[in-house]
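Chemist: Here you go, one structure.
The values are calculated or read from the model by the stated rules, or taken from the named source; none is laboratory data. Small disclaimer: the values here were computed from a predicted structure and weren't measured. Neighbour counts are summed over all protein chains in view; Cβ atoms, including those assigned to glycine, are modelled from backbone coordinates with ideal geometry.
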């Protein structure tokens, strides 16, 4: 499948939501009933930008695997390309940040070796603490998921929809079981891979539908039903927004509900590109933000916490601008001179029927 510009826009929306959560909705406090307090309340679900990333990642990676499931170098090509896309900047961030932990007032959760092995989410769940590299739990979830998905796509054919459906149903059940068995470990249902597989699998399901000519044609011709589903799901998200402390409800069905909403948004983006949604997602600055999203995701919280802990007398609002400036500047440089050259090298040296 050719590159779809609207998907870069979705990635930009996802990282923008994460930035709003970590820079505004979560850390700042405003007087009750003030305009800023109401605005902050409206941003309560921006933490789910990670869920949007999961759905988009499942769609893109699932699509790549479906398109190339019969390629002779299927596994090698997939894992080499994923390595060069994910690991270099991630490793550089870990190496450069670790010596600065004491200075910026942050701590590490678990042994150091769990981070290069993408096992930190297990340590975070066990200790009920996110620690220094809090945002990397989602990378661990994705990498663990992609250790199994290629084999499933390659060898499970007719039963693949049933396997995906079973995974989607199982995720909220596992979350609820963990919630009851370990009620004090509130982080575990959030950061463990089986608990969040529903969002990734919704993306894979969407990729399957778009590769079935009949289903894809129905989605394109009957977009009104997608818009209707999106409206219902958005209304449900509004209910979740009004109950921010509803932990059991969020873990039981909220994660799945939001992932389903984001899958519908993704399907609208790819099947109704001439709609107002497609126009918004093709907005050039949003797409450019989507291009550097990975670097921004890895760096933004480190800069914010480092500046907050170093500039104690500054108000949080005054720290946001320099933190964003440093994050965007380094992310742009990383993409242009580090990430993209490595990605291009991986593609040149591992040619196959894979599509980007």
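Chemist: Residue 204 passes all but one of (1) under 19 Å from residue 60 (Cα atoms); (2) without any contact (Cβ under 8 Å) to a residue 24 or more places away in the chain; which number fails?
Modeler: With respect to (1) under 19 Å from residue 60 (Cα atoms); (2) without any contact (Cβ under 8 Å) to a residue 24 or more places away in the chain, residue 204 is out only on (2).
Chemist: Would you say residue 52 is surrounded by 18 or more Cβ atoms within 10 Å (Cβ to Cβ), in contact with a helix residue (DSSP H, G or I) (Cβ under 6 Å, 6 or more places away or on another chain) and at pLDDT below 95?
Modeler: When the stated conditions are applied, residue 52 does not pass them.
Chemist: Answer with yes or no whether residue 279 is buried (at least 20 other Cβ atoms within 10 Å of the Cβ) and in a helix (DSSP H, G or I).
Modeler: Criteria not met by residue 279.
Chemist: For the structure I just gave you, tell me whether residue 319 is under 19 Å from residue 5 (Cβ atoms) and touching a residue at least 12 places away in the same chain (Cβ under 8 Å).
Modeler: For residue 319, the condition - under 19 Å from residue 5 (Cβ atoms) and touching a residue at least 12 places away in the same chain (Cβ under 8 Å) - is not met.
Chemist: Run residue 273 past the list (1) part of a helix (DSSP H, G or I); (2) over 21 Å from the mean Cα position of the chain (by Cα); (3) within 24 Å of residue 6 (Cα to Cα) and report the number of the one that doesn't hold.
Modeler: (1)
Chemist: Quickly run through the range 288-315 and pick out the residues that are part of a helix (DSSP H, G or I) and closer than 20 Å to residue 91 by Cβ.
Modeler: Residues satisfying the conditions are 293, 294, 295, 296, 297, 298, 299, 300, 301, 302, 303, 306.
Chemist: Can you tell me which residue within the range 174-208, out of those that are more than 21 Å from the chain's Cα centre (by Cα) and part of a helix (DSSP H, G or I), is nearest to residue 258 (Cα to Cα)?
Modeler: Checking each candidate, the answer is 176.
Chemist: Same structure again: For residue 229, state whether it is more than 23 Å from the chain's Cα centre (by Cα) and surrounded by 12 or more Cβ atoms within 10 Å (Cβ to Cβ).
Modeler: In short, no.
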